[in-house]
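The values are calculated or read from the model by the stated rules, or taken from the named source; none is laboratory data. Everything numeric in this text was worked out from a predicted model, so none of it was measured. Quick reminder, even Gly has a Cβ in these numbers, built from the backbone with ideal geometry, and neighbours come from all protein chains shown.
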Amino acid sequence: MATTIASINLTSADLLSDSLSISAIATLTTAGSSTGLTGTEGLGRKKTANTSEYTLFAAANATDDKAHKIYLKNMSTTASEYFEVQIADVVIGRLYAGDWAFLPWSADSTGTNCDIDITPSANDMTIEYMLLTDE
Amino acid sequence: MATTATLTLASTDIAGDPVSVSKVATLTKAGTLNDLDQSIGLNRVHLRSTTEKVLLAANAEGNNLAAKVYMINKSEDASLYITVKINAQTTGKLYGGDFMFIPWSQTDTSASIKVAATNWTSSTGDIPVEYALFHEDTDFLTNA
């Protein structure tokens, strides 16, 4: 059993009149158990040539309704450049330059086709990604 | 008003070599270097029903402006999960202890974020969920 730790820290000294500090640590486990996730497709990068929609993760390649986790980061340093992130053609949000996201993924391929798709706002952008799988 | 979000992913044994990913993002308004300057703060709710609930209602003004959502299932029971949906689409399940941090475009008023304690029963106890929203639109104020 592998042990994979995900931690998040949200901090600000001046957003509010008191300092903000939110922290959490999660041990990534298979669905409904304390067994650690054992699969990953590794840390990858994709350079997108144009502003077409790309499929980053195909739901058909993962088991439905498990505890998969996805990490994404827009590697651009141009503030106006973003990746629009979709699940099953539903827009989740835009990752602007330097933004990252970490989310659970149902990978449902029966009810709907829950591919993770990205649409870059400009040519020649790079996204970094990792899939941690519950298989 | 800089707010930073730091993610660390670490494992010594999920692959043949260690995995160590550490990323910091400064939360900014859409397409600019200006800091996000509003937050609803850290909220906590206890889910005690399988019924789907609106956690964050999308607002038209927020369409494609920058917003970031943090959510964590604070249950200590690894088997208890909440199902997270955006615009009626399931994104995934947060099991006890799991968190997520995502951008949220609020593409239309249907893009609300909903949660359900899908496998809750009267014997499992409440599922505590904490969440925060960092945003730039003003529609989270209720019009008088």
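Values as computed for the structure displayed
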item	result
Members of the stretch B:13-30 found to be over 27 Å from B:L80 (Cα atoms) and either more than 7 Å from chain A (Cβ to nearest Cβ) or of a type in the set (V, I, T) (or both), listed by number	B:G16, B:D17, B:P18, B:V19, B:S20, B:V21, B:S22, B:V24, B:T26, B:L27, B:T28, B:K29
Set B:A117, B:A111, B:A67, B:A58: member being modelled with pLDDT of 95 or more, among the small types (G, A, S), buried (at least 20 other Cβ atoms within 10 Å of the Cβ) and within 21 Å of A:R94 (Cα to Cα)	B:A67
Residue within the stretch A:16-28 that is free of Cβ contacts under 8 Å to residues at least 60 places away in the same chain, within 30 Å of B:D108 (Cβ to Cβ) and in contact with a Cys (Cβ under 6 Å, 6 or more places away or on another chain) present	no
Tabulated pairs, the stretch A:78-97, first more than 7 Å from chain B (Cβ to nearest Cβ) and more than 11 Å from A:I118 (Cα to Cα), second among the polar types (S, T, N, Q) and surrounded by fewer than 21 Cβ atoms within 10 Å (Cβ to Cβ), C-beta under 8 angstrom, 6+ apart or interchain	A:E81/A:S121; A:A97/A:T77; A:A97/A:T78; A:A97/A:S80
The stretch A:112-127, residues that are part of a loop (DSSP other than H, G, I, E, B), out of contact with any helix residue (DSSP H, G or I) (no Cβ under 8 Å at 6 or more places or on another chain) and not acidic (D, E)	A:T112, A:S121, A:A122, A:N123
Residue match in the stretch B:113-125 (condition: assigned to a strand (DSSP E or B), within 12 Å of chain A (Cβ to nearest Cβ), touching a Pro at 6+ places or on another chain (Cβ under 7 Å) and within 20 Å of A:D108 (Cβ to Cβ))	no
Among the residues listed as B:T28, B:T3, the single one being among the polar types (S, T, N, Q), touching a Ser or Thr at 6+ places or on another chain (Cβ under 7 Å), modelled with pLDDT of 95 or more and surrounded by 14 or more Cβ atoms within 10 Å (Cβ to Cβ)	B:T3
In the stretch A:122-135, residue farthest from the other protein chains (Cβ to nearest Cβ) [restricted to those that are surrounded by fewer than 19 Cβ atoms within 10 Å (Cβ to Cβ) and not charged (D, E, K, R)]	A:N123
Residue identified as in contact (Cβ under 8 Å) with a residue 12 or more places away in the chain and closer than 16 Å to A:M130 by Cβ among B:K23, B:K29	B:K23
B:K74 vs. criteria among the basic types (K, R) and more than 23 Å from A:E84 (Cβ to Cβ)	yes
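A quick yes/no check of all residues on (1) at the interface with chain A (Cβ under 7 Å from one of its Cβ atoms); (2) within 11 Å of the chain's Cα centre (by Cα); (3) part of a loop (DSSP other than H, G, I, E, B):
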| residue | (1), (2), (3) |
| --- | --- |
| B:T32 | yes, no, yes |
| B:G41 | no, no, yes |
| B:T51 | no, no, yes |
| B:V69 | no, yes, no |
| B:K85 | no, yes, no |
